[in-house]
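Notes to accompany the following structure.
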Amino acid sequence: MTLVLWSVDLYIVLNKQTDFAVADAIQTALDKSGEPMKKNTLHMIGNAHIDPVWLWSWQEGYGEVKASFASALDRLDEYDDFYFTASSSQFFEWIEECDKEMFNRIKHYVSRGRIELTGGFFVEPDMNLPCGESFARQALLGQRYFKEKLGTTARVGYNIDSFGHNAAMPQILKKCGLDYYACMRPAPEEMLIEDRLFWWQSPDGSRVLSYRIPYEYRTFENNLKENSHRLLEEDSQRREDLMLFFGVGNHGGGPTIKNIEEVKSMDIKDVHVKMSRVQDYFDKANRENIPTVKKDLQYHGRGCYSVHSPIKRLNRQSENRLIRAEKFCTAASQLGLMPYPAEDLTRAWKGVLFNQFHDILAGTSTESACNEAEHLYGEVLSLADRAANRAVQSISWKIDIEQDTTMKPLVVFNPHGFNQTMIIEREISDLNNEDFNPGTQRICLKDSFGHEIPVQKIQSEATLSWQSRIVFTAPFNSFGYELFKLYSCPEPHVMEAPENPLTTRTLCSDRFSITLGESGYISSIIDKRTNREFLNGQGALLSIYKDGSDTWGHDKDSYTEHLGDMQVTQIKLLEEGPVRSTIKADFVFGETKASQEYRVYQNLDYVEVKTKINFQEKGRVMKIRYQCAGENHKALMEIPYGFIERERTGNEEPGQAWIDMFSTRDNSGLALANDSKYAYSFIDNEMAITAVRNAVFAHHKPTVLDGKTDYAYTDTGIQEISHIILPHEGDFRESSIMQVAQVINQSPICVIETYHKGTYPQKMSFLQSVEKGIMVRAVKNSEDGLGIILRFMETDGREREREIDFSLMEREFPLVFSPYEIKTIYIPFDRKEEIREVTLTEY
Ligand SMILES: [Zn+2]
């Protein structure tokens, strides 16, 4: 006990100094005390942190990569004991395409273990914002490139500058062949972790041995020695191996001759200083008795998750349009209608994955770099939509559709592996708008069995008498298509709106009664089946807050300075009909204008809110707030391939598409899902979507805005946000929020067909619905081109057995899931081969 106290005292004294001789002294002192001495290793990791985009364009990043690797190769030639640690398969691809000779030198050093491949991802992405499937693809393309071109894969996950790390990652990392994880953020003052070395565990029980690297992933001119001494002093009581990173970084660079000479000249008593590899450190440190962290690693800059709305929206859209395209391309190619467009889809994924780089998706790059990211998303969306269109049109062309000149055939494709009622909106040409007159409507819609489906005319995108737009909702079978027939009838066809009292302030369906207050916001949501009120206050409230922090939102956990709510200027009943009814409200706040459309559908268990805003508030934030009924709330949100409970502190939290406030007292809750947002907050009975954050581009503390410069802001101008409100009995697992969040982000495709003979029926499912609790998240051709990959996840935290009926391949097979398990199944085209489970990287 005395020894411990004495050591702690000395440790405190030492912490105030950086003199290396004193560090030596402490070791000697401990020796004298009789404690067993052991010689520990300080693993010095030579690396070049390369931001391919940040305060510079990707073209400049490309140059950085060439220069950094050229320099590292020279150092490898000069020093036999030097290792170079590198991540990101994109960088290696760039070198491969522009300098074959340099690439061969890299191959040479990788084969000898002198270049250490880490990360296994395409880039070092933001670790909160990409969806679960994107993380799988980061590794699918990263690890497979490493294996194919460089003969080995990474075992160390490596995202040393990414700002925070979501809680589901350990399972994803393990299933990508990554047993270890190196990160740096959040810093010790941002999140307390008992030790630098820890087991990081996800809710399914998977864990990776992780190390939070001290200080920085890079060294400046003279701080290498200083950092080494400081680290040894701080950790003098642990007396275990440690890792320290060195090399010029951010804009690339890597270890200099001076760095290497400094490391080689370090002569520290009882410490073995060596240039090393990250994996060597972990292999040696790997053991059981290390603290375990069972949560996400947060927070560095909470503002990253809301700043720059366009990039965030484009990421969400690109992910979903690509995942959807893959599903239909898999179906069409398996049906023999087209070759699987693997090359185009991979190219598109590379665009998505590149833009997930931590400073791009976070929105913390310069304005011109962000603009270039948007151009790349354009390429991604074009490739995805071209592939999807070819697939669905080649399938719909084979459907047997009878000749009937009074009928327009519409084929709707459902990309989801579950049965779901969905909204279809479609522009239709060559219909007379007179045919839609209420009460004398001459249009009717029937499903493939001839059952009539309510259909409603809504505002067309065009203003022409022969152009129309229709909306309908219908129940769709899992992953497949159904033919709908739009008839023009010779006699007026009566399709009256349901008898519900509609005013400019009230919307009703069979399920809900929604009331707007004088403020133009929702004041009441009542489920008519139970008579339960879900609000205690207002809903969809647009509030403006002062921000003023830098682009990352450094040093700001929450936005508490409420400047006011947007004020209503007009409320009107916009639509009224058999499918949906809509009230539109307009708002103003200073120079900022907004409108919200509240839509209630007869057949849906959720309400839709479309917000359009022209944001002009500089250095401010806009939230969409809901004050929920009930007490003893639990706040939950979706994260990549999982969900997490959040504290109700009002702090900004990163999440995916849905959030939920559950009243444990009432056993009921209110869930929201949206098409483009990633930042949320919860306080007391309130949950909010942080919809807009308008900060100065690439502004980093401590630089202070001068009040004279005409700065460019990230979120000025017109933005659209779509979200839904889903009231539910029981907790979120008992609701359809996970399915609805999928549907609003990955919408069905509606093809206008013509009459033709065909061999396909008017309704078909490629995969029978998998029961609730298991979701199908990806259907794609395997990377080896010899089979089909199905990816599932268990969503409720229970063990389950499911029989999978994959009618597309005429295969049925049982699967057993453990709680929260992500499962990847490889189904070979060759029926003689067995269906097997593979990793996320398809090995
Ligand atoms: Zn970085």
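Taking amide H atoms as placed 1.01 Å from N in the peptide plane, the amide H of Ile683 lies under 5 Å from those of Gly650, each 5 or more residues away in sequence or on another chain.
Taking only Cα atoms, what is the 0 to 90° angle, nearest 10, from helix 309-334's long axis to the longest principal axis of the chain? With both axes taken from Cα atoms, the answer is about 70 degrees. Note that segment 568-584 has calculated 3J(HN,Hα) couplings of 6, 10, 7, 10, 8, 7, 9, 9, 8, x, x, 9, 8, 10, 9, 10, 10 Hz, one per residue in order, obtained from phi through the Karplus relation 6.51 cos²θ - 1.76 cosθ + 1.60 (θ = phi - 60°); glycine and proline are x. Counted residue by residue at 0.36 nm each, then reduced by the alpha carbon distance between them, the extension gain from Asp77 to Glu720 reaches 226.0 nm. Put a dot 7 Å past the Cα of Glu576, heading toward its Cβ, do the same for Glu194, and the two dots end up 6.5 nm apart.
Summing Lys and Arg as +1 and Asp and Glu as -1 over all other residues whose Cβ lies under 15 Å from the Cβ of Glu96 gives a net charge of +3. Could you list which residues have their amide H under 5 Å from that of Ile788, counting only those 5 or more apart in sequence or on another chain, with H placed in the peptide plane? Result for Ile788 returns Ser782, Ile827, Phe829. Its Cα centre serving as origin, segment 327-379 has a Cβ charge dipole (Lys and Arg +1, Asp and Glu -1) of approximately 320 debye. Quick one: angle between helix 89-98 and the longest Cα principal axis of the chain, in degrees between 0 and 90, rounded to 10, please. Helix 89-98 and the main axis of the chain meet at about 80 degrees. At a 1.4 Å probe, what is the % contribution of carbon and sulfur to the accessible area of the chain? The C+S portion of the solvent-accessible surface of the chain is 46 percent. Near the amide H of Gly553, within less than 5 Å, lie the amide hydrogens of Gly303, all on another chain or at least 5 residues away, with H placed in the peptide plane.
Entry comment: accessible area of the chain is 38 Å² per residue, from protein heavy atoms only and a probe of 1.4 Å.
Quick check: from the Cα gyration tensor, does segment 596-689 come out rounded (a/c under 1.5), prolate or oblate? It is oblate, given that a/c is not under 1.5 and a/b is not larger than b/c. Annotation: extensible slack from Tyr755 through Val588 equals 55.1 nm (criterion: 0.36 nm per residue apart, minus Cα-Cα distance).
Report the residues of segment 263-280 in range of a label on Asn223: point 7 Å along Cα→C-beta, backbone N strictly under 18 Å from it. Flagged as within label range: 263.
Among the chymotrypsin sites (Phe, Trp or Tyr not before Pro) within segment 296-329, not one is in coil by DSSP while having at most 14 neighbouring Cβ atoms inside 10 Å.
Placing unit charges on each Cβ (+1 for Lys and Arg, -1 for Asp and Glu) gives segment 518-591 a dipole about its Cα centre, and among Gly539, Phe587, Ser524 the Cα reaching farthest toward its positive end belongs to Ser524. Segment 791-843: which GluC sites (Glu not before Pro) are DSSP loop and have at most 15 other beta-carbon atoms within 10 angstrom? When the GluC sites (Glu not before Pro) of segment 791-843 are filtered for loop state and at most 15 Cβ neighbours within 10 Å, Glu799, Glu810, Glu833, Glu834 remain. Placing +1 on the Cβ of every Lys and Arg and -1 on the Cβ of every Asp and Glu, with nothing else charged, gives the chain a dipole about its Cα centre of roughly 640 debye. Dipole check for segment 660-766: with +1 at the C-beta of Lys and Arg, -1 at the C-beta of Asp and Glu, and the Cα centre as origin, the magnitude is about 380 Debye. Computed over the chain, relative contact order equals 13 percent, with contacts defined as Cα pairs under 8 Å that lie 6+ residues apart. Starting from the Cα gyration tensor of segment 390-514, take the square roots of the eigenvalues, sort them a ≥ b ≥ c, and report rounded, prolate or oblate (rounded when a/c is under 1.5, otherwise prolate if a/b is larger than b/c, else oblate). Oblate shape, in that a/c is at least 1.5 and b/c is the bigger or equal ratio. The lysines whose alpha-carbon is closer than 21 Å to the alpha-carbon of Lys284, local same-chain residues fewer than 8 away aside, are Lys38, Lys39, Lys174, Lys269, Lys274. Ordered by 1.4 Å accessible area with all protein chains kept, Leu808, Leu55 run largest first as Leu55, Leu808. One chain, two ends: Lys612 and Asn371. Fully extended at 0.36 nm per residue, the span grows by 84.6 nm beyond their Cα-Cα distance.
Each part reduced to its alpha carbon centroid, segment 49-77 and segment 647-714 end up 34 Å apart.
Axis angle, to the nearest 10 degrees, between helix 100-111 and the longest C-alpha principal axis of the chain: 70 degrees.
The values are calculated or read from the model by the stated rules, or taken from the named source; none is laboratory data. Computed from a prediction, not measured in an experiment: that's the story for all the values here. Positions of Cβ are backbone-derived with ideal geometry, glycine not excepted, and every protein chain shown enters the neighbour counts. Ligands, DNA and RNA are stripped out before the accessible areas are found, and what is left, the full protein with its side chains, is counted by its heavy atoms. Shrake-Rupley method; radii C 1.70, N 1.55, O 1.52, S 1.80 Å.
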